[in-house]
Amino acid sequence: MTEQIERHRTAQRRSALSSPMQHLLRFGFLDGSRSLFDYGCGRGDDLRLLSEMKVPATGWDPVFRSDAERQPADIVNLGFVLNVIEDADERRETLKSAFSLARKVLVVSVMLGYQSKREQFATFEDGVRTQRNTFQKYYAQDEFRAYVEKTLGANAIPTAAGICLVFRDAVEEQLFLLARQQVRREWRLLRREPNSEAVAALIQEHREQIDAYWLRALELGRPATPEECPEAQSLMRLVGSWRRVHEWVGRFFSPEEFEAAAIGRQEDLLVYFALSHFGQRRPYSQLPDRLQRDVRFFFDSITKARNAGKRALFATGDSARLEEAAAFCHEELGIGVLNDDHDLTFHQSVLGECLPLIRIYVGCALQLFGDAGSVDLIKVHLQSGKVTFLVYDDFEGAATPRLVERIKVDLPRLRVDFFDYVGEYEPQPLTEDPATFYVR
């Protein structure tokens, strides 16, 4: 008789938030404005920590909290649960059940492991039986994403190795994806002095509202609408009508800075629409209000916006154009290290400063792998259709950082491979000065 699998032995004690919870925190989901349900919460350490953070959170576990109610919430976490269910039908139904409770988003996480990992244990069902008599279903990253999307019939958005978000609300999904492509730019509010002393006095009297409006316009890269500006009513009283606000306020600031803001925002949107075509994602029938305003201002229509994105995406398949973009990024913008026409390597923090073509190319790889914030260096292979993400032990602090993980994304094959440098593999030292991978 086969010994029964002991699922409860996989539950772990934690003194810090689990990795999926940490990702939710980094993306701003745990600000206390959304409720959370932890589906398969184990011993409840995440719940305790979330309670200390004033996040409204509840949870259920078949062993440790079996009496709790499984209830809907804005966010549902299914953290490392699918791995330990040995019955494939139960595993699939558990995923569906968790998604049915999510009003806004489901975060799913699993253990990744490739052939070498699986060979360490005895095969059991479609996974392995560990020495502790637990079951583990190890996934490959691309396999995990495909499984979630097929089971739920919804987009799965990887945010890290073995972690993805599935949005219930299409508008929320678009806002999340838009935010990922919006570069955080610092604006200086370059002012121009008015000719009239009376106007100068008027501006000084209303400086706070005027500066706030112009900063908002710079963030948007276009004139703000009343809905996007808390100071709308006071500015309309000052100028006479909303149509005059932008033109009037703009007289007292640098037009060059606003032009740069408009170009930057249009580039962000181009990257967004290009990546929306990658992987043949379903088109959205409803756009967020802000995106509708962006489309009208920068592209005239959603059809033109999508077509522009499609052309930009197809351009990444032209190695000559990639080489040209990489050379411009390195030589004109001072970004990273260029290895002839083979590859461009740079720190993840300067991705937003690259030309849109490079951002789209890397963005395609991130759609398969996760979030650039979890790596140190990005290597863009200009000939092979690949992107490599490199993680070092202490990139900014160590005198000679050592490579601990390499993630290679093969775009033509839609494949993600992970390589670590621990145990029997000697970590490789970084031979270049880390400063060379930023902007000169």
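The residue pairs whose first member lies in the stretch 346-373 and is without any contact (Cβ under 8 Å) to a residue 60 or more places away in the chain and within 19 Å of G334 (Cβ to Cβ), whose second member is part of a helix (DSSP H, G or I) and basic (K, R), and whose beta carbons are closer than 8 Å, counting only pairs six or more residues apart or on different chains, are L351/R359; L357/R321. The residues listed here are A325, A312; of these, the one that is outside the structural domain of V387 (by TED's automatic domain parsing) and either within 19 Å of F437 (Cα to Cα) or of a type outside the set (D, E, K, R) (or both) is A312. Counted as qualifying within the stretch 185-294 are the helices (runs of 4 or more DSSP H) with 2 or more residues that are over 30 Å from A315 (Cα atoms), namely 197-205, 207-220, 232-239, 242-250.
Where strands (runs of 3 or more DSSP E) fall wholly inside the stretch 331-440, the ranges with 3 or more residues that are closer than 21 Å to T159 by Cα are 377-381, 386-392, 403-410, 415-420.
Does L24 satisfy the criteria of being part of a helix (DSSP H, G or I), under 22 Å from K96 (Cα atoms) and within 23 Å of the chain's Cα centre (by Cα)? When the stated conditions are applied, L24 passes them. Scanning the stretch 153-184 for residues that are within 16 Å of the chain's Cα centre (by Cα) and assigned to a loop (DSSP other than H, G, I, E, B) yields N155, A156, A161, G162, Q182, V183, R184. For first residues located in the stretch 287-309 and farther than 16 Å from S276 by Cα, partners that are hydroxyl-bearing (S, T, Y) and outside any helix (DSSP H, G or I) and lie 6+ apart or on another chain with Cβ distances below 8 Å form the pairs R293/T225. Within the stretch 48-62, not a single residue is at pLDDT 95 or above, touching a Cys at 6+ places or on another chain (Cβ under 6 Å) and of a type outside the set (G, A, S).
Taking the listed residues L382, L366, the one that is in contact with an Asp or Glu (Cβ under 6 Å, 6 or more places away or on another chain), surrounded by 19 or more Cβ atoms within 10 Å (Cβ to Cβ), outside the structural domain of L25 (by TED's automatic domain parsing) and on the phi < 0 side of the Ramachandran plot is L382, with no other qualifying. Within the option set A140, A212, A201, being of a type outside the set (S, T, Y) and more than 24 Å from L238 (Cβ to Cβ) holds for one residue only, A140.
The values are calculated or read from the model by the stated rules, or taken from the named source; none is laboratory data. Keep in mind the model is a prediction, meaning the values are calculated, not measured. We place every Cβ from the backbone using ideal geometry, glycine too, and count neighbours over all the protein chains shown.
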